[in-house]
Amino acid sequence: MLNPIKLANTNFLSSLDTSCVEFLHILELAKNFKNKELNIKLKEKVLGLIFDKSSTRTRVSFQVAMSRLGGTTIDLNPTTSQIGRGEPIRDTARVLSRYCDVLAIRTFKQTDLEEYAKWSSKPVINALTDLEHPCQALADFMTIKEEFIDFKDVVLTFIGDGNNVANSLILCGALLGVEVRIACPKGYEPNPLVVKKAYETYKNKNLLKITSDPNTAVLGANVLYTDVWSSMGEENQKDEKEKVFNGFTIDSDLVSKADNDAIILHCLPAYRSKEITDEIFESNKSRIFDQAENRLHAQQALLSCILQ
Ligand code: CP
Ligand code: NVA
């Protein structure tokens, strides 16, 4: 029977905090949890959820994952805790980590997440920052593996904003040796430090391509992925971005240029008719709701390793 493994890094702040072997092990565990072949009970463990931004999937999938592992969660947000009053992260982290066994944090700055991890005596998980969304990427690659088995055969094309989701796909692609193409308007490219780290991680540097032409980026691709054009915290840029991202909608024309068996992914929540048409969102190529379900299994697997 497959067992959780102890991860070399205490925290999961970035997609590069696991090795390729650890990442693949988590995906295998997740598959086992999904198939109900694995039943692990971690009695009395408590996950603290600190969410400075809204969430449906991440919050609920963490809560259900902990419940299935026999533990519980405490859900904190800025308005009902002293976090909103401005209590320093270093104080909150030292207190909460005396009560909880692990913390999952959704916040704006990656440096704030790192500050939590620095002062917490228990592991910290990135539940989304402006820079990365590594738990999402675990579920994304689990969904891709369900379809294609061998990552080496996969071309993953992300069309849209070079944001947190794109950054994590790039880093995981580098870790796993997946060809990743990012198509985004000029000025909206992924974070340059993330791209640098990805090139340092890739064994074959030709596998990462960043372009402003979605039409060439989708040619022969196996996975087409998109996310909102304006992320949480960027609401004031919405009108401007909708103009700049014209031509970056995943529609039937773009899909027709991809591989015949290509699948469509979206981390959700989506704005239909902006980054993706309703037709493609609802098409039989879409694996969007399997991807959302896999958040649960992937996080259950991650927690089982972190809390063992
Ligand atoms: N994909 C994702 O993280 O969704 P939520 O914002 O609903 O958690
Ligand atoms: N890029 C999006 C992802 C939401 C899950 C955001 O940060 O709002």
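Just to confirm the filter: which trypsin sites (Lys or Arg not before Pro) across the stretch 167-273 are DSSP coil and have at most 11 other Cβ within 10 angstrom of their Cβ?
Counting only loop positions with at most 11 other Cβ atoms within 10 Å, the trypsin sites (Lys or Arg not before Pro) in the stretch 167-273 are Lys186, Lys203.
Taking 0.36 nm per residue of separation and subtracting the Cα-Cα distance, what length does fully extending Val60 through Lys243 add?
Result: 62.5 nm gained on full extension.
Working only with C-alpha atoms, what are the Rg and Dmax values of the stretch 180-229, expressed in angstrom?
Both quantities, over Cα of the stretch 180-229: 11.4, 31 Å.
Based on the Cα gyration tensor of the stretch 20-177, what are the three equivalent ellipsoid semi-axes, each the root of five times an eigenvalue, rounded to whole Å and given largest first?
28, 20, 13
Obtain the nm distance between the two label points defined at Leu268 and Lys109 by a simple spin-label model: each point lies 7 Å from its Cα along the Cα-to-C-beta direction.
Output for this residue pair reads 3.3 nm.
One quarter of the convex hull surface, Cα atoms only: what value does that give for the stretch 73-115 in nm²?
If you wrap the Cα atoms of the stretch 73-115 in a convex hull and average its projections, you get 3.1 nm².
Can you give the FRET efficiency to the nearest 0.05 for Ala8 and Glu200, using r as the Cβ-Cβ distance and R₀ = 25 Å? Working shown, then result.
Working: r = 18 Å, r/R0 = 0.73.
Working from the Cβ atoms, E equals 0.85.
What are the ³J(HN,Hα) couplings of the stretch 56-63, residue after residue, when phi is run through the Karplus curve with 6.51, -1.76, 1.60 and θ = phi - 60°? Round to Hz, x for glycine and proline.
Going residue by residue, I get 10, 4, 5, 4, 5, 5, 5, 5 Hz, with x marking Gly and Pro.
Considering every Cα-Cα pair within the stretch 238-308, what fraction, in whole percent, is farther apart than 21 Å?
More than 21 Å apart: 41 percent of the Cα pairs in the stretch 238-308.
So what does the Cα-only Debye profile of the stretch 169-308 read at q = 0.14, 0.16, 0.18 Å⁻¹, as log10 I(q)/I(0), no solvent term?
-0.75, -0.98, -1.21
What's the center-to-center distance, using Cα atoms, between the stretch 7-83 and the stretch 91-119 in Å?
Each part's Cα centre sits 14 Å from the other's.
Quick one: work out Rg over Rh on the C-alpha atoms of the chain, Rh as Kirkwood radius.
0.96
Hey, any idea what % of the stretch 39-109's accessible area is carbon plus sulfur with a 1.4 Å probe? Kindly include the intermediate steps, with their values, before the conclusion.
Numbers: 1780 of 3670 Å².
Carbon and sulfur: 48 percent of the exposed surface of the stretch 39-109.
With θ taken as phi - 60° and the coefficients 6.51, -1.76 and 1.60, list the Karplus ³J(HN,Hα) couplings across the stretch 120-136 in order, rounded to whole Hz; mark glycine and proline as x.
Values per residue, Gly and Pro as x: 7, 8, 10, x, 10, 10, 7, 9, 2, 10, 5, 8, 9, 9, x, 5, 4 Hz.
From the phi of every residue in the stretch 283-290, what ³J(HN,Hα) in whole Hz does the Karplus formula 6.51 cos²θ - 1.76 cosθ + 1.60 yield, where θ is phi - 60° and glycine or proline is x?
Karplus values, whole Hz, x for Gly and Pro: 6, 6, 7, 6, 10, 4, 7, 5.
Where does the chain land at 222 nm, in deg cm²/dmol rounded to the nearest 500, when only DSSP H runs of n ≥ 4 count, each adding -39500 (n - 2.57), divided by all residues?
-12000 deg cm²/dmol
Rolling a 1.4 angstrom probe over the protein heavy atoms, how many square angstrom per residue are accessible across the chain?
43 Å²
Can you give the net charge of the other residues whose Cβ lies under 14 Å from the Cβ of Glu179, counting K and R as +1 and D and E as -1? Each step should come with its number before you reach the end.
Values: positive: Lys152, Arg181, Lys203, Lys205, Lys209; negative: Asp150, Asp153, Asp259.
Within the 14 Å Cβ shell, the charges total +2.
The values are calculated or read from the model by the stated rules, or taken from the named source; none is laboratory data. Treat the numbers as computed from the prediction; the structure is a model and nothing was measured. Note that each Cβ is placed from the backbone with ideal geometry, even for glycine, and that neighbours are counted across all protein chains shown. Side chains included, ligands, DNA and RNA excluded: accessible areas come from the protein's heavy atoms. Shrake-Rupley method; radii C 1.70, N 1.55, O 1.52, S 1.80 Å.
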